[in-house]
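The numbers here are math on the coordinates, done by the rules we state, and not lab data. Every value quoted in this text rests on a predicted model; they were computed, and no experiment measured them. Here the Cβ positions follow ideal geometry from the backbone for every residue, glycine too, while neighbour counts run over all protein chains shown.
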């Protein structure tokens, strides 16, 4: 369970309050607001706030005085055009703020997206929670043979069981020692009289990278789309993809027209090279082309054939 | 008048609509929302949208589950602490979006703040309005003698009148020729049959730098404070300071606690060098110190004495 | 002529000096260093400094202890891979600094690329030069009919001549009045005794947007490629494309392997949507597809056919 | 020892190569180039490349055609002026690239500086080294009583010994299990036949936060100064301060004039609030002021008295 009872109750209290506003509203996202959507074994994503909606994109693109919307049709046409031509600035006019709980090794990938604002829970100031990520058995896979940084076949039987034991034991021991070094538990109880306890900023170094951390993370829509296009992609590490997929549902609730355009032009699309386009033209003309005459490396050829749905 | 009747009516329509939201609200800023606050002779600033308020800063600093606020007192204490120690990330958790109409030569200064999102009215796509900035007579000043990039004494009589004539005539002629080259006026009327008209992206080069442009400009609170600390400063060019001062009022309505902290720590404060601090210690100890023994240049000494309210 | 004799001589002096360094070198770019490459009628681009070369990209991608290079072949393979998969961070490890002289209306487009460092010549501090851009006759075109923000057919005869006259006259008059208001010319001569002259920060507003400004502009290689992909594109305004094209030659001298990859994957490539890929698969399978059954708008269909080299 | 023999030899080979360049040179930094300066027990900082020097700052501030330097004196005057008035853009015209080996919990603090370019060693692609940070005994301190996120009194005797034992044992065990789960050691030997081994991107989560990682880190001088002002500060965590201090020496070698200005205006200086300045004026006038009448909180008053070198 990612939330304690008191956290859940704080959230419920917040959700009960409503107030009138003159600002753009996204009704479907209002429904989701503050709720913790679970990810992995102890993580979650919550939307804390948002600015703008599909109309706000149109309004900014037109630098208009009133609401952007004229007709839904026209708005969709304009948003598709902006997406297709990579006119990115109108999408920057929407903003969203999340509260996210995630394992540290995933936080380390995530933070590489520099165009966001972040406030992370401080392990210098506070005691870290006793929560760590243990993969579900169907996620335990070997190093991929074809892709040098991904996963391949599943681990099975005793090997899988041994991995799970190691991960649980080492994290549990690490946390026990963390408390012992702090000489204090989460409730603030001193463990051994006469000892001073180690500073939090030092003791935390004994935790393993699967411990959970939390942060507030705020980003504009354009940069969110970029994040999602990389992290909801099939080549992303499963554990970050799990977050990206939940966020895609939030995106759909927030800016449904933009979501459709994004799914068509970005998630479902592909960037082709000049060589790739030349080959496509020959294929359309009915020519047979083989990798050897393509001027492409084997890897590049395989990627192109995948995009074209051709067998290699 | 910065607005046409139809623009004013679009704004009124927007202001009449309200809808319930679960998000943080800033009631005093809601009152201002969408209204055009006039600046200079034809410019304005409008708040189009905002995210967060003083509580959101506290909430982010604590990475909390509920509303940040415990007591107003505590919130102010924390916000003062964050401001004093330049813990800037919680301020980045608030965002604001403006619609601004401003002369091009001011837009050129403004855009140097790179941490904002911008959508500008396009002179490639649309015809520019016939509106240009003419300074009020009390703004016509000579180059400063002491500060090599500011203004000094006022221009008077015939010299001032001549300046105003030049500015008006040249801008009027430039716009007339702009229309002639476009072969089209703002209403889309063709001026001379049989001529093709020059492309908008070219014709605009004939306009002078005091013509007005417009943009949507969105920025987080931390970067807005940085902008205001530079542009509401006495050394800023008057024409951009006029905008910054209107925006300070909006800041006060939006995040009153942060505004107070900002006015005390940033606008009213000063950064002192190690040399400056050493001199202050000597002065407090009752010593007399003169510029010659200070290790400071004359300019630096004068600046320090100003900060200390001492005569030079 | 974009340079005065004394500027040219300063540059020659600089070029004569050489010193040994342990850093990565790009010999072909060293040859170009400091030289002013002319653009438009009075503009130029100069490379002032650079950091890294193709090897530095490889070295960073491998986080290696020595020089990145193993074999040129392998380096090219890795750089192609990085470009294809949009692994952008290794390209950020190279940096280049330019000195650019350009018309203000182009500077206003250019500055929208926010990920660069800029120092612009200050019109608050200094007097602007008397140099303005007048398009060559073959650049005087009408507004495009098909593309709402570009150029179409050429202007001819009297209409073209009239445009050139207007541009020259208005800029000349504007500069004359600028000097008159300053009451000072570029050499610092006072024009009328007994007048104070208007502050520079004000007088400059009378200049037209085709006057030249200058700046130092520094950017990393990844962001430079993004800039060039937009500004060397056929849809960019001619006046900024002229700069981008000169910079492409500099890119080629600096990082020849990256340049090749960029020309193939980015400049010569295209981003296709999911719908577009589905149509390509059908075309390859020998099917006939018409716009009406494609699910695409007319504009989108025309763009796809262009990419595929098909008649519409 | 932070380097293996083969890494040291790669570095020596690099250092032996020199080539002529027309670019700005910083001779003292050339001497340091590529060398690994040790930090903590296994970490280091190496300068890999740099762009510009003190002259380049002056050159950019003047947007000049030749070398910035006129006289060293004038350059220092201008650089002091720029530093004092926070004219930051000329400092952005210099750039430096480091190779840094550091513990992961420090890397997590470091990466929060978003204005740098980073390439980190990939634990998805490669096996992590068996190197972890163990604090020196004189660094083992308790949580500070006065400052809620720092260190206070030293740990002693058995408590300190116990902490060191825990840290060593847990990191050693974590790495042993990491290898076991990978079913592969650093040399690529398979440990148990018939097992597949866990993907690297998963196995790494068992490592503790004191394991070392490495990255290439590139930043402009302005942002480097900001980083150093926060991380070489007495309130920074010791482990990151240790890096910042080594980098201050590199800064001094690279841009000695800027270094002096930075040490005076930033490291040795202080930002005072409006209230603080008012109190200073009263103190200089010979008045006695106590915290109770100051309008300041106790914490703020204590900080002011420290800056003024007064007893509280």
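Quick check: from the Cα gyration tensor, does chain D come out rounded (a/c under 1.5), prolate or oblate? Don't skip to the answer; put the middle values down first.
Details: a/c = 2.77, a/b = 1.28, b/c = 2.16.
Because a/c hits 1.5 or more and a/b fails to exceed b/c, chain D counts as oblate.
The modelled label-to-label distance between residue D:85 and residue A:187, using points 7 Å beyond Cα along the C-beta direction, is 6.2 nm.
Would you work out if region B:206-300 is rounded, prolate or oblate? Take a ≥ b ≥ c from the square roots of the eigenvalues of the alpha-carbon gyration tensor; rounded if a/c is under 1.5, else prolate when a/b is larger than b/c, oblate otherwise. The shape class here is oblate.
For chain A, averaging the sequence separation of C-alpha pairs within contact (under 8 Å, six or more residues apart) and dividing by the residue count gives a relative contact order of 21 percent. Between residue A:302 and residue A:161, the distance separating the two model label sites (each 7 Å from Cα on the Cα→Cβ line) works out to 3.5 nm. Just B:156, B:287, B:92 to compare: in a GNM of chain B, with alpha carbon springs under 10 Å, which one fluctuates most? Greatest mean-square fluctuation among the candidates belongs to B:287. Separation of region C:244-284 from region C:189-235 is 31 Å, based on Cα centroids. Using the Cβ-Cβ distance between residue C:293 and residue A:146 with R0 set to 35 Å, the FRET efficiency works out to roughly 0.45. Quick one: helix C:5-16 against the long Cα principal axis of chain C, what's the angle to the nearest 10°, folded into 0 to 90? With rounding to tens, the tilt is 50 degrees. Measuring spread by the Cα atoms of the protein assembly as shown yields a radius of gyration and Dmax of 31.4, 98 Å.
Principal-axis analysis of the Cα atoms of chain C puts helix C:274-284 at an angle of about 50° to the longest axis. Modelling each spin label as a point 7 Å along the Cα-to-Cβ direction, I'd like the residue C:285/residue D:7 distance in nm, to one decimal. With each label placed 7 Å out from Cα toward Cβ, I get 5.4 nm. For the options B:161, B:28, B:116, a Gaussian network treatment of chain B with springs between C-alpha atoms closer than 10 Å singles out B:161 as fluctuating the most. For chain D, modelled as a GNM whose springs connect Cα atoms under 10 angstrom apart, the maximal fluctuation among D:46, D:282, D:162 occurs at D:282. Against chain D, whose longest principal axis is taken from its Cα atoms, helix D:157-182 shows a tilt of about 50°. Estimated from the Cβ-Cβ distance and a Förster radius of 25 angstrom, the FRET efficiency linking residue C:249 and residue B:114 is about 0.35. For region D:69-203, the normalised intensity computed at q = 0.20 Å⁻¹ comes to -1.22 (log10 of I(q)/I(0), Debye sum over alpha carbons, equal scatterers, no solvent). Temperature 25 °C, viscosity 0.890 mPa s: under these conditions the Stokes-Einstein estimate for region B:134-209, based on its Kirkwood radius over C-alpha pairs, is 164 µm² per second.
Ignoring everything except DSSP H segments at least 4 long, calculate the 222 nm mean residue ellipticity for chain D; use -39,500 (n - 2.57) per segment, divide by total residues, nearest 500. All intermediate terms of the calculation are to be shown ahead of the outcome.
On the way: 12 runs with 132 residues, N = 312.
Mean residue ellipticity at 222 nm (helix-derived): -13000 deg cm²/dmol.
Need one word for region B:38-109: rounded, prolate or oblate. Basis is the Cα gyration tensor (sqrt eigenvalues a ≥ b ≥ c); a/c below 1.5 gives rounded, then a/b vs b/c decides. Cα axes put region B:38-109 in the prolate bin.
Cβ crowding within 10 Å ranks C:208, A:89 as A:89, C:208, fewest other Cβ atoms first.
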